[in-house]
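Presented below is the structure to which this report refers.
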Amino acid sequence: MAERVTLSKEHLAFGDLEEELVATRRVLESIPEDKFDWKPHEKSFSLGTLAFHVTNLLLWQQVSLTEDGFDLANSPPPETSGNLPGKDDLLKMFDAKAVALRAALAGTGEERLGEPWTLWHGENKIFTSPKADVLRRFGISHMVHHRGQLTLYLRLLDVPVPQTYGPTADEQ
């Protein structure tokens, strides 16, 4: 019989973060750089823009832990296909942001996770929610959502889809 383990609230709420980071990096590694400009539809992000958005969501996650809010009016414009760095830079950015996120989470106690975090756009308050909720919903779940979009892009481009939660049809 397995030994009983006592888990912290952080582990119960965010114990999957490491696996999500590994799976996300695996998907980013699979993206063909020569298809960064490809879009499945005119209203969609390009493959490269979506990949960089996923990478930047790690900064959002870190900020949800280390700051008391964020003002969208002060954020830089998102990367677009025409000015994206290459895939090597994408992966380096992801790795650096993952290290910073892990450090921020390790340095955040349970009491801090319950503190309010506010998203602003200038003077307009968009919402206020506990830091833990912001990290989960607007950080981790948001990253997983867009990672799913990336796997669909890969399928449509006939690029083998890497494993996220288990083997894919390409690995069978």
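Listed by first and then second residue, the pairs linking a residue in the stretch 150-172 that is in a loop (DSSP other than H, G, I, E, B) to a residue that is modelled with pLDDT under 95 and surrounded by 10 or more Cβ atoms within 10 Å (Cβ to Cβ), with Cβ atoms under 7 Å apart and 6 or more places separating them unless they lie on different chains, are Pro160/Asp170; Val161/Thr168; Val161/Asp170; Pro162/Thr168; Gln163/Glu171.
On the stretch given as the stretch 87-115, residues that are of a type in the set (A, V, I, L, M) and over 16 Å from the mean Cα position of the chain (by Cα) total 2. Against the list (1) free of Cβ contacts under 8 Å to residues at least 12 places away in the same chain; (2) under 25 Å from Leu50 (Cα atoms), the condition Lys87 fails is (1). When every residue of the stretch 119-129 is checked against the conditions, at least one turns out to be modelled with pLDDT of 90 or more and within 18 Å of the chain's Cα centre (by Cα). Taking residues in the stretch 132-148 that are farther than 18 Å from Thr49 by Cα, and partners anywhere that are outside any helix (DSSP H, G or I), the pairs with Cβ atoms closer than 6 Å and at least 6 places apart or on different chains are Val134/Trp117.
Please return the ranges of strands (runs of 3 or more DSSP E) entirely within the stretch 32-143 where 3 or more residues are in contact with a helix residue (DSSP H, G or I) (Cβ under 9 Å, 6 or more places away or on another chain). By residue number, 116-121, 124-130.
So that you can scan it fast, the table gives a plain yes or no per residue for (1) more than 14 Å from Leu17 (Cα to Cα); (2) loosely packed, with under 15 Cβ neighbours inside 10 Å:
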residue: Ala103; (1), (2): no, yes
residue: Gly107; (1), (2): yes, yes
residue: Glu115; (1), (2): yes, yes
residue: His121; (1), (2): yes, yes
residue: Ile126; (1), (2): yes, yes
residue: Leu135; (1), (2): no, no
residue: Ile140; (1), (2): no, no
residue: Thr151; (1), (2): yes, no
residue: Asp158; (1), (2): yes, yes
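The values are calculated or read from the model by the stated rules, or taken from the named source; none is laboratory data. Quantities reported herein were computed from a predicted structural model and do not represent experimental measurements. In this analysis, Cβ positions are derived from the backbone assuming ideal geometry, glycine residues included, and neighbour counts consider all displayed protein chains.
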